[in-house]
Amino acid sequence: MSDVMSEWSEVVALEDIPQLGSRVVKTDTMNIAVFRTASDEVFAMKDECPHKQGPLSQGIVHGTSVTCPLHNWKIDLASGEALGPDEGCTNVFPVKVENGLVFIDFKVAAAA
């Protein structure tokens, strides 16, 4: 069990993220891509492909993965892991949706 406390921050309204699309949240240290699937699942990860740092927010969302626009690497939205045969990982962030608003837990992500 972790001693790290959650620190949820409201980042965007769910309706502002198109289905099968994304929005970018800018922090002091990085850009975070917030994705919405066709079934309204929401995921957040560093907006950087582990291959050549391509902007994942500009990729194509399909199912629960996104394809990087630079070299077609497919990244799992839940884990941030590249799907075979590619290898690599990008940071993911805990996300929750409440009352139509999307929240990211930055503190847990920073401690991971």
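Any read-out appearing in this document is the output of simple, stated calculations on the displayed coordinates, not a laboratory observation. This one's a predicted model, so the numbers in the text were calculated from it and none came from an experiment. All Cβ positions, even for glycine, are placed from backbone atoms using ideal geometry, and neighbour counts span all protein chains on display.
Once amide H atoms are built 1.01 Å from N in the peptide plane, which residues 5 or more positions from residue 31, or in another chain, come under 5 Å H to H?
Answer set, sorted by chain and number: 47.
Taking the Cα centre of the stretch 4-112 as origin, sum charge times position over the Cβ atoms of Lys and Arg (+1) and Asp and Glu (-1), and report the length of that vector in debye to the nearest 20.
My answer is approximately 200 debye.
Residues with beta-carbon under 14 Å from that of residue 79, excluding residue 79: net charge, scoring Lys, Arg +1 and Asp, Glu -1? It would help to have the intermediate numbers written out before the result.
Details: positive: 46, 74; negative: 41, 76, 81, 86, 87.
Neighbourhood net charge equals -3.
How many lysine pairs are close in the chain, with Cα atoms under 19 Å apart and the two 8 or more places apart or on different chains?
Numbers: 26/46; 26/96; 26/107; 46/74; 46/96; 46/107; 52/74; 96/107.
Lysine pairs satisfying the spacing and distance rule in the chain number 8.
Expected output is a single nm value to one decimal: the length gained when fully extending between residue 39 and residue 98, i.e. 0.36 nm times separation in residues minus the C-alpha distance. What is it? Write down the numbers at each step before the final one.
On the way: separation 59, 0.36 × 59 = 21.24 nm, distance 1.60 nm.
So the extension gain works out to 19.6 nm.
Under 5 Å between amide H atoms, partner at least 5 residues away or on a different chain: which partners does residue 54 have, H built in plane at 1.01 Å?
The answer is 49.
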